[in-house]
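Working notes, structure below.
The values are calculated or read from the model by the stated rules, or taken from the named source; none is laboratory data. As the structure is a prediction and not an experimental result, all values here were calculated from the model. Cβ sites come from the backbone with ideal geometry, for glycine too, and all protein chains shown count toward neighbours. We work out accessible area using only protein heavy atoms, side chains counted, and drop any ligands, DNA or RNA first. Shrake-Rupley method; radii C 1.70, N 1.55, O 1.52, S 1.80 Å.
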Amino acid sequence: MHIDARELRSGSVIEGDICIVGAGAAGLSIALEWINSPHKIILLEGGGFEYDEKVQDLYDGKTTGQHYFPLRSARLHYFGGTTGHWAGYCSTMDEIDFQKRDWVPYSGWPITRKDLDPFYARAQENVELGPYEYNLDYWQKKDPDLIPLPLDKNVVWNKIWQFSPPTRFGPKYRKRIEDAKNIQLYTYANLTDIISNENVSAVKQVTVKNHAGKEHTVHAKYFILACGAIQNARILLASNKQAPQGLGNDQGLVGRFFMEHLEIKSGELWLDRPNSMKLYMMDFGRTKMRSELAISAEKQREFKILNGTVSLSPLATARNTRPIIDVWTGKDPRKDIVDLYQNFRKSDHAKPPAGASPIDKAFQLFTRVEQAPNPSSRITLDTEKDSLGMPRSILNWILTPLEKKSIRKIDELIGQQAGLAGVARVKLLEYLWDENDYTWPSFTGGGWHHMGTTRMSEDSKAGVVDADCRVHGIANLYVAGSSCFVTAAAPNPTLTLIALSIRLSDHLKGKLKRH
Amino acid sequence: MHRKSFINISFMGLAAMAIPLLDCAGRNREIKKSLVPPAFLSRICDAKTIRGIGVAYTSRFPVQAREDLLMDLLLADEAGQEPARPSGETVTASFLEKKIQNDFTTGNTVVMNGWILSVTEAQQAALFSIMTS
Ligand SMILES: Cc1cc2nc3c(=O)[nH]c(=O)nc-3n(C[C@H](O)[C@H](O)[C@H](O)COP(=O)(O)OP(=O)(O)OC[C@H]3O[C@@H](n4cnc5c(N)ncnc54)[C@H](O)[C@@H]3O)c2cc1C
């Protein structure tokens, strides 16, 4: 059932068993799990079914530190969330990503890759991926033309990615949600405050507002915040009536450890003869899977580097592509996305005819590396408020030398292996030439991946949520999404955040069954 | 011995010695030529780029900026000792190819102007830059 919260009488009280806040990838993935269950699910969505300037503006905020996309346009604020713009690149995290790595400060999840496996398999369906197969052998059996570069697997291996169509959660799941009898979807229901009991051990109710001047209250047994990593932190910090530092923030950790993926061109791979590179190529909207070059866990340990993967694209084309950080500069995400696609299309046209010169056998190395968890990289609240009275967010994105060292080492290892195999030479881009230079070039960018701001830990002093994504110290408040990530790993976050959300959903099903 | 005949004999002796010396210089020139340019690099980039790599190498290791020394280094065996004197161009090419392979296996690599190279091919580029400057 769908209800527009602008149409309700102000001061309405909404009640349910579970209240999910946010109808993006995380929130909708949870809601879908509860269809036809005996429980009443309240799904609160700040926006409507279409883009709305006033609602979108609630995302506006400041950025300091490393240059970043405007916060206003880096996320979408309506039903379906940012899946309205996402590109659909998916892969799974590796075992090493969950482990404590002594060279990566604050690393180590309280869960393992094995714990997530069954949920990854279910998450695949939500984003319409192929079979839950991330093994090269499987794909090669289907298509023998997928030939890997002959590199030593113990050093550089082929990490498989799959591509969602990309699934736009809004149009894809709207009807199923609206038709579900036990789900009440409220649009234009922006959460602005979480009210806890006096000793801050449980959430009593949440307040929602909209630009029609309506304010409502929601009661539920359990509350799940699923508003994205920046908004989840912002909401917890701003809910400070009972806990002056904000909810779940006794240790001052909410908003800290903001992580992005560094996505940056890093080098060039020059083959001396034509090679079938089908395995590595991607035609947006058509390709179902491809491989990127990744560094083995052993070598990550040996060289004390972060995890990352490297994609290859024809150099002649890639050279004409403007860095995305220079393209995605506006405050209107609808315009930014058009500019982004135009940028890719333009570079395609500029491509010289194949076979004309050695550059036709050359590929750009584009490295995507996890950011080391760093408490100084964080979301805080501004004194300026949005039109619904919530303090705006400030992002201070801070990188460390480890990211740059890792990018350099990853590309160097690929270069050495390519040399050893006698198939190619690698040229690093100039900003990586000097090992002692830790500055970043102007084209350094992220992938619009926000992670880490309510990190997971079994220790309430080291994390905001526990291994079930429950906020430490608050019995009925959960967080869904990449804000719970402890480390970022190499892959884009959505498949993993959906897997984690489904896992949270199963956990709550177990709880409700017991009661 | 008459002074004149001594001069004659000495002259003949010198001439006899000079023939193998000349021969040796010619052979060296041939070998040197067979050492450059680095084969793989010449398939993927132009002479200017290779020269640039060579110049970068000699400015990082200025003591090696001598043709004879680079030649000795290139022809040294894997232990870096006893310079080998391969006979023909093909022999040199396969000798260098093996050396390059070994460099990559043992991590004997350098980054020159961003290129991740075997030390051997960087030295080839250095020799090439000196020979063509
Ligand atoms: C251009 C672009 C390309 C991307 N490409 C990829 C990719 O290829 N692969 C990948 O894995 N990821 C990609 N991403 C990231 C991906 O979109 C996010 O990881 C994903 O959407 C996050 O899901 P979420 O549910 O946590 O947040 P969102 O999808 O942003 O959903 C949050 C929801 O919460 C609602 N909300 C926010 N605040 C409130 C509030 N106070 N009250 C009520 N509701 C609220 C919002 O309206 C929204 O519906 C991309 C992002 C962008 C911008």
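Would you mind giving the total buried accessible surface between chains B and A, with a 1.4 Å probe and ligands, DNA and RNA left out, rounded to the nearest 100 Å²? List each step's numbers first, then the result.
Working: alone 8560 and 20180 Å², together 27190 Å².
Summing both sides, the interface buries roughly 1600 Å².
Once you charge only the Cβ atoms, +1 for Lys and Arg and -1 for Asp and Glu, what is the size of the charge dipole of the range A:55-183 about its Cα centre, to the nearest 20 debye? Don't jump to the answer; show the numbers that get you there.
Numbers: 18 positive and 17 negative charges, 93 e Å.
So the dipole magnitude of the range A:55-183 works out to roughly 440 debye.
How much FRET efficiency would the formula 1/(1 + (r/R0)^6) give for A:SER12 and A:ALA467, where r is the Cβ-Cβ distance and R0 is 35 Å, rounded to 0.05? Spell out each step's value before the answer.
Working: r = 36 Å, r/R0 = 1.02.
Using R0 = 35 Å, I get an efficiency of 0.45.
Do any residues of the range B:27-47 show a loss of at least 10 square angstrom of accessible area between the isolated chain and the full protein assembly, using a 1.4 Å probe, and if so which?
So the qualifying set is B:PHE40, B:ARG43, B:ILE44.
Please work out how much length the chain gains when fully extended from A:GLU50 to A:ILE3, using 0.36 nm per residue of separation minus the C-alpha to C-alpha distance, in nm with one decimal. It would help to have the intermediate numbers written out before the result.
On the way: separation 47, 0.36 × 47 = 16.92 nm, distance 1.48 nm.
Roughly 15.4 nm would be gained on extension.
What percentages make up the Cα-Cα pair-distance distribution of the range A:1-75 when the bins are 5 Å wide from 0?
Percent of Cα pairs in each bin: 3, 11, 19, 19, 16, 14, 8, 5, 3, 0.
Would you mind checking which residues have amide H under 5 Å from A:ARG392's amide H? H placed 1.01 Å from N; only 5 or more apart, or other chain.
A:ASP382, A:GLU384, A:LYS385, A:ASP386
Roughly speaking, what % of Cα-Cα pairs in the range A:301-424 are separated by over 24 Å, rounded to a whole number?
Beyond 24 Å sits 53 percent of the P(r) for the range A:301-424.
Based on the mean of other beta carbon atoms within 10 Å per residue, what is the order of A:153-162, A:481-490, A:436-445, most packed first? Don't jump to the answer; show the numbers that get you there.
Working: A:153-162: 19.6, A:481-490: 28.5, A:436-445: 13.6.
Answer by packing, highest mean first, reads A:481-490, A:153-162, A:436-445.
Counting alpha carbon pairs within less than 8 Å and at least 6 residues apart, what relative contact order, in whole percent, applies to chain A? Walk me through the numbers on the way to the answer.
Details: 1250 pairs, mean separation 124.1, N = 515.
Once divided by the residue count of chain A, the mean separation gives 24 percent.
For the range A:463-479, in order, what is each residue's ³J(HN,Hα) by Karplus, 6.51 cos²θ - 1.76 cosθ + 1.60 with θ = phi - 60°, in whole Hz (x at glycine and Pro)?
Values, residue by residue: x, 8, 10, 8, 5, 9, 6, 8, 5, 3, x, 10, 4, 10, 10, 10, 10 Hz.
Suppose every K and R has +1 on its Cβ and every D and E has -1 on its Cβ; what is the size of the dipole of the protein assembly as shown about the Cα centre, in Debye to the nearest 20?
On the way: 79 positive and 73 negative charges, 92 e Å.
I would put it at about 440 debye.
Return one whole number: the accessible area per residue of chain A in Å², for a 1.4 Å probe. Intermediate results must be reported in sequence, preceding the final value.
Working: 19430 Å² over 515 residues.
With all protein chains present, chain A gives 38 Å² per residue.
What residue among A:ILE224, A:LEU28, A:PRO373 has its Cα farthest toward the positive end of the dipole of chain A, where the charges are +1 on Lys, Arg and -1 on Asp, Glu, each on the Cβ?
Farthest towards the positive end: A:LEU28.
On average, how many beta carbons from a partner chain sit within 10 Å of the beta carbon of a residue in B:97-110?
If you average over the peptide's residues, the count of other-chain Cβ atoms is 2.
Can you figure out the FRET efficiency of A:LYS304 with A:ASP143, using R₀ = 45 Å and their beta-carbon distance, to the nearest 0.05?
Details: r = 37 Å, r/R0 = 0.81.
Using R0 = 45 Å, I get an efficiency of 0.75.
Sort largest first and round to whole Å: the equivalent ellipsoid semi-axes of the range A:75-135, each the square root of five times a Cα gyration tensor eigenvalue. Please report the intermediate quantities before stating the final value.
Details: eigenvalues 134, 61, 21 Å².
Equivalent ellipsoid semi-axes, largest first: 26, 17, 10 Å.
For the pair A:ASP382 and A:ARG319, what calculated FRET efficiency results from E = 1/(1 + (r/R0)^6), where r is the Cβ-Cβ distance and R0 = 45 Å, to the nearest 0.05?
Values: r = 39 Å, r/R0 = 0.87.
Here the calculated transfer efficiency is 0.70.
Would you mind calculating the relative contact order of the range A:188-287 from Cα pairs under 8 angstrom and at least 6 residues apart, reporting the percent as a whole number?
Values: 98 pairs, mean separation 18.7, N = 100.
That works out to 19 percent.
So which of A:LYS141/A:LYS513; A:LYS114/A:LYS241; A:LYS181/A:LYS241; A:LYS114/A:LYS299 end up more than 32 Å apart by C-alpha? Each step should come with its number before you reach the end.
On the way: A:LYS141/A:LYS513 44 Å; A:LYS114/A:LYS241 40 Å; A:LYS181/A:LYS241 35 Å; A:LYS114/A:LYS299 22 Å.
Listed pairs above 32 Å: A:LYS141/A:LYS513; A:LYS114/A:LYS241; A:LYS181/A:LYS241.
When the helices in chain A are scored as -39500 (n - 2.57) per DSSP H run of 4 or longer and the sum is shared across all residues, what 222 nm value do you end up with, to the nearest 500 deg cm²/dmol? Intermediate results must be reported in sequence, preceding the final value.
Values: 13 runs with 133 residues, N = 515.
Result for chain A, helices only: -7500 deg cm²/dmol.
Past the 35 angstrom mark, what percentage of all C-alpha to C-alpha distances in the protein assembly as shown do you count? Each step should come with its number before you reach the end.
Working: 100183 of 209628 pairs.
Looking at the protein assembly as shown, the distances longer than 35 Å represent 48 percent of pairs.
So how much slack lies between A:SER276 and A:ASP332, counting 0.36 nm per residue of separation and subtracting their Cα-Cα distance, in nm? Can you show the working numbers first?
On the way: separation 56, 0.36 × 56 = 20.16 nm, distance 4.02 nm.
Result: 16.1 nm gained on full extension.
Net charge around A:PHE49, counting only other residues with Cβ within less than 12 Å of its Cβ (Lys, Arg = +1; Asp, Glu = -1)?
-2
I'd like to verify something in chain A: which complete DSSP H helices, judged by Cα projection on the helix axis, reach 27 Å or more and average at least 1.0 on the Kyte-Doolittle scale?
Details: long enough: A:401-421 (30 Å, -0.40); A:494-514 (30 Å, 0.13).
In chain A, no H run is both long and hydrophobic enough.
Carbon and sulfur: what percent of the protein assembly as shown's accessible surface (1.4 Å probe)? Working shown, then result.
Numbers: 14260 of 27190 Å².
Within the protein assembly as shown, the accessible surface is 52 percent carbon and sulfur.
From the phi of every residue in the range A:212-226, what ³J(HN,Hα) in whole Hz does the Karplus formula 6.51 cos²θ - 1.76 cosθ + 1.60 yield, where θ is phi - 60° and glycine or proline is x?
Result, ordered by residue: 7, x, 8, 9, 10, 10, 10, 10, 7, 6, 10, 10, 10, 8, 9 Hz.
Provide the per-residue ³J(HN,Hα) series for the range A:364-381, in order, calculated from phi with Karplus coefficients 6.51, -1.76, 1.60 and θ = phi - 60°, each as a whole number of Hz, with x at glycine and proline positions.
Result, rounded to whole Hz: 7, 8, 10, 9, 10, 10, 5, 9, 5, x, 9, x, 6, 8, 7, 9, 10, 9.
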